[in-house]
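FYI, it's all coordinate maths here, none of it is from the lab. Everything quoted here is computed from the prediction, not taken from an experiment. Positions of Cβ are backbone-derived with ideal geometry, glycine not excepted, and every protein chain shown enters the neighbour counts.
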Number of protein chains: 2
Amino acid sequence: MDVATYMQDVGKRARSASRLMAQATTEQKNAALNAVANVIDSQRKIIIDANHQDLEQGKTNGLDPALLDRLALTPPRIDSMVEGIHHVAALDDPIGAVDDMRYLPSGIQLGKMRVPLGVIGIIYESRPNVTIDAAALCLKSGNATILRGGSESIHSNQAIAKCIQQGLNSSGVSADAVQVIATTDRAAVGQLITLSEYVDVIVPRGGKGLIERISREATIPVIKHLDGICHVYIDDGADLEKALSIAVNAKTHRYGVCNAMETLLVAESVAPTILPRLASAYAEHEVELRGCAKTQVIISAVKPATNEDWTTEYLAPILAIKVVADVSEAIEHINTFGSHHTDAIVTEDYQRSRQFLAEVDSSSVMVNASTRFADGFEYGLGAEIGISTDKIHARGPVGLEGLTSQKYVVFGNGHIRK
Amino acid sequence: MDVATYMQDVGKRARSASRLMAQATTEQKNAALNAVANVIDSQRKIIIDANHQDLEQGKTNGLDPALLDRLALTPPRIDSMVEGIHHVAALDDPIGAVDDMRYLPSGIQLGKMRVPLGVIGIIYESRPNVTIDAAALCLKSGNATILRGGSESIHSNQAIAKCIQQGLNSSGVSADAVQVIATTDRAAVGQLITLSEYVDVIVPRGGKGLIERISREATIPVIKHLDGICHVYIDDGADLEKALSIAVNAKTHRYGVCNAMETLLVAESVAPTILPRLASAYAEHEVELRGCAKTQVIISAVKPATNEDWTTEYLAPILAIKVVADVSEAIEHINTFGSHHTDAIVTEDYQRSRQFLAEVDSSSVMVNASTRFADGFEYGLGAEIGISTDKIHARGPVGLEGLTSQKYVVFGNGHIRK
């Protein structure tokens, strides 16, 4: 079977399964999730053996150590996969919830009922635990899923896929509800992102290059974010102790994450006071600083920043610093150079906090809190499939609700239009 | 200037204007809307003269009478344009509304703030009143708009555009917030639907051919519906008087609208009772009936339906009728042949009403009400820019809220991630 025929078949099966999934009860979905968790738990050896094959092959192919680390499935990582599935089973079922039910002047009663999107295609790189996280979220939200992992984790993903299918079969849910692409042929991705008849949305997870390519070529809507160029702006109305603690946390809590601060903006009048204290705090964490001309006058341990620094997601212990005149210049900088992900102001000034919240065009806008809070778990979504910086459909951390849509439901009693 | 350069310029201006619009107060937006309404009201002669040019040209080009009628701007139609703008000004401003504000375990306070989408491109055919309706809705929701009407209404649209610009200028809103494409070059549409840097969403309004072409070629999300193949299913648990009145209303209230019923499904056990009564009611309205084999046995004034009838949006006094075994067959038929627009069940049976609501995969699903209620005004949205049958973003009648997105807002007091 060629790739196109294979993918058509996968798509058709997913569409049929999605119809059944949409009607599955909460009890059926939870039973399926718990069954999958139990199979994973009991087949650890098979999964770890498959993962060893991938790791060996990765070493042979000269994969870099960071990638090999992400690829490795250790016993604690399998524990957290199993826990993760049970956790998703324990979340409230979003499907069937009805919002805004009310009577209208004509006498009809109108509400909005939450429904699954249908078929979700997920394309991701090395980490095989994504296979199970994504499958669990899609199952719980009543969707069918087509998963396409990286070729470097093909054996791990196939082993996990077998566990999923076995769990689904044992609980009476169609095994086609979760399909893991069995070929490493890159053409399969091109097919998946254009299967508009069978796939409702694509969620890419991985590097910027992958996501850009998918967004450009997909004929199906894509839920995505490309970059996390997050800012903290320290206003001249800031409480300096809060500013210090937030600016250090946002940069140094974790480096390789999309909600880490990459550029610090400081109001001119407080820069001479706060920047030297910040510089020594960052020095302790061995963060490299790159500053604008004004920053360089105030602190010495700083390299000159170029224009490129304002648009770079370092994902590393590097920070760009710019001194700005006021909140308006900060907002202008963020909306021009940022990535519409997450941006924070530190201020005690009422009016400037309102201006920042209203005018910064990002998926999360914060006052006096670290950008690191932009996360599905911290936001109480219970889980997260990704963070969307698009304005269409879901925006910000995407949990179960982002994988659903709504339909209008109307109750009448013989009502006709006059 | 070539079309590509022209459209790039239009896009850039729209993007700049959208930043200002996002920050406009409710008072500013309402003042701008009322100013536009006043200019339209006072420049009726100029608009009607321009419309005469289009009508003359249309006659010369042999436009069919129905199209000429839709193109004509009579004094009552201008009245309703003016009233429509004042009506939109009177609607609640959706922007800035914050939903779901709550404290989370970390201590941060989280909510979702409604924000504009940015720049909305609207592509439509003959009716020039769409120019003003669409512009008003986009203005009120804080968006900038690029409008592209049909070449047959170019003079009318340009005259209306001048009124809009004059109204905007007089009220201090950037005139670039509403731009009407000045060229009839078809290449402008191709440019508009691929200006992903400057345009956030495309709303096509017109025939199926137009919308299909735009969806296929756009690299920007499209809010659309292709077809309204709406169904009424008369269950064997139906109150037959309600069934009769709903089935007649859904078909005959208006023929050329997307929420009119196109296929009637009747449960086998009640078909012999209800179909003859329906047939005589439809005969009074001169509705042509096309039925399945079982229908043809029960009533005589019916042509045989072919498979094509189940997927045809007649927009005319024609009705397809199918006798089905039960609610499950009705749902299967609707999900297979329907267009996911609006479908209704008539029944007094509790369990079957729930099954129909849960399983029919359409943007509006109704019990004991006419499909004709699927409409932004009837749903209390105050206005409507179209009806979406997509599951991504807005679904069903799209009013002001469908032209907006949300961003997360976080309030802390120096909170950092532990």
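Can you compute the helix-only [θ] at 222 nm over chain A? Use -39500 (n - 2.57) per DSSP H run of at least 4 residues, normalise by all residues, nearest 500 deg cm²/dmol.
Working: 14 runs with 177 residues, N = 418.
The helix contribution divided over chain A gives -13500 deg cm²/dmol.
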Can you list the lysines whose alpha carbon is less than 27 Å from that of A:Lys303, not counting same-chain residues fewer than 8 positions off? A:Lys208, A:Lys242, A:Lys251, A:Lys294, A:Lys322
Just A:Gly107, A:Gly380, A:Gly121 to compare: in a GNM of chain A, with alpha carbon springs under 10 Å, which one fluctuates most? A:Gly107
Between the residues B:Pro94, B:Ile202, A:Val270, the Cα farthest towards the positive end of the dipole of the protein assembly as shown, that dipole coming from +1 and -1 charges on the beta-carbon of Lys, Arg, Asp and Glu, is from B:Ile202
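Roughly what % of DSSP beta bridges within the protein assembly as shown run antiparallel, to the nearest 5? Please list the in-between numbers first.
Details: 30 of 116 bridges.
Of all bridge pairs located within the protein assembly as shown, approximately 25 percent are antiparallel.
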Say a label goes 7 Å from Cα toward Cβ at A:Arg77 in every copy; what distances in nm does this one have to the rest, shortest first? 6.6
Shape box of the protein assembly as shown [Cα atoms, principal axes, largest first, Å]: 91, 71, 46
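With a cut-off of at most 11 other beta carbons within 10 Å, and DSSP calling the residue loop, which GluC sites (Glu not before Pro) in region A:132-219 qualify? Please list them.
Of the GluC sites (Glu not before Pro), the ones in loops of region A:132-219 whose Cβ has at most 11 other Cβ atoms within 10 Å are A:Glu197.
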How big is the gap, in Å, between the Cα center of region A:277-319 and the Cα center of region B:72-86? 59
Just need log10 I(q)/I(0) for region A:1-74 at q = 0.27 Å⁻¹, Debye formula, equal scatterers on the alpha-carbon atoms, no solvent, rounded to two decimals. -1.01
Spelling out what I want: for every residue of region B:284-301, take phi, set θ = phi - 60°, compute 6.51 cos²θ - 1.76 cosθ + 1.60 (Karplus), and round to whole Hz; glycine and proline get x. 4, 8, 6, 8, 6, 9, 10, x, 6, 4, 5, 4, 5, 6, 7, 10, 9, 7
What translational diffusion coefficient, in µm²/s and rounded to a whole number, does the Stokes-Einstein relation yield for chain B at 10 °C and a viscosity of 1.306 mPa s, taking the hydrodynamic radius as the Kirkwood radius over Cα pairs? 68
Sort shortest first the distances from B:Pro272 to its counterpart in every other copy, using label points 7 Å along the Cα-to-beta-carbon line, and give them in nm. 9.9
What relative contact order, as a whole-number percentage, does region B:323-367 give when Cα pairs under 8 Å and 6 or more residues apart are counted? 43
On the rotation axis linking copies B and A, which residue of B comes nearest by its Cβ, and by how many whole Å? B:His393, 2
Shielding by partners for A:394-404, please: the mean number of other protein chain Cβ atoms within 10 Å of each residue's Cβ. 2
Name the residues whose placed amide hydrogens come within less than 5 Å of the amide hydrogen of B:Val324, ignoring near sequence neighbours (fewer than 5 apart) on the same chain. B:Val266, B:Ala267, B:Glu268
In whole Å, how far is the Cα centre of region A:365-418 from that of region A:46-70? 36
Averaged over its residues, how many other protein chain Cβ atoms are within 10 Å of peptide A:369-375's Cβ atoms? 6
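Take every residue in peptide A:73-79, count the Cβ atoms of other chains within 10 Å of its Cβ, and give the average of those counts. Present the calculation step by step, with values, prior to reporting the outcome.
Working: counts 0, 0, 0, 0, 0, 0, 0.
Per-residue shielding by partner chains comes out at 0.
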Of all trypsin sites (Lys or Arg not before Pro) in region B:79-188, which ones are in loop regions per DSSP and have a Cβ with at most 12 other Cβ atoms within 10 Å? B:Arg186
Please check: in the Gaussian network model of chain B (C-alpha springs, under 10 Å), which one of B:Ser245, B:Ser215, B:Ser171 has the largest mean-square fluctuation. B:Ser245
For region B:230-373, averaging the sequence separation of alpha carbon pairs under 8 Å that lie six or more residues apart and dividing by its residue count, the contact order in percent is 34
Among DSSP beta bridges lying fully in chain A, give the percent that are antiparallel, nearest 5. 30
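What do you get for trypsin sites (Lys or Arg not before Pro) in region B:222-312 restricted to DSSP loop and a cutoff of at most 14 other Cβ within 10 Å of the site's Cβ?
Here the trypsin sites (Lys or Arg not before Pro) that fit, given the DSSP loop and packing criteria, are B:Arg254.
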If every alpha-carbon in region B:11-169 counts as one equal scatterer, what log10 I(q)/I(0) does Debye give at q = 0.09, 0.11, 0.15 1/Å? -0.35, -0.50, -0.80
Enter the per residue convex hull volume of region B:130-270, computed from alpha-carbon coordinates, in Å³ rounded to the nearest integer. 158
Which lysines have a Cα less than 25 Å from the Cα of A:Lys29, not counting those fewer than 8 places away in the same chain? A:Lys12, A:Lys112, A:Lys140, A:Lys162, A:Lys407, B:Lys391
With Cα springs under 10 Å, the Gaussian network model of chain B assigns the largest mean-square fluctuation among B:Ile120, B:Ile318, B:Ile229 to B:Ile318
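How high is the relative contact order of chain B? Use alpha-carbon pairs under 8 Å, at least six apart in sequence, and give a whole percent. Let's see the in-between values first.
Values: 844 pairs, mean separation 74.0, N = 418.
Rounded, it is 18 percent for chain B.
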Taking the label point 7 Å from Cα in the Cβ direction, how far apart in nm is A:Ile318 from each other copy of itself, listed shortest first? 6.5
Under 9 Å from the Cβ of B:Asp326, count the other residues' Cβ atoms, weight Lys and Arg +1, Asp and Glu -1, and hand me the total. -3
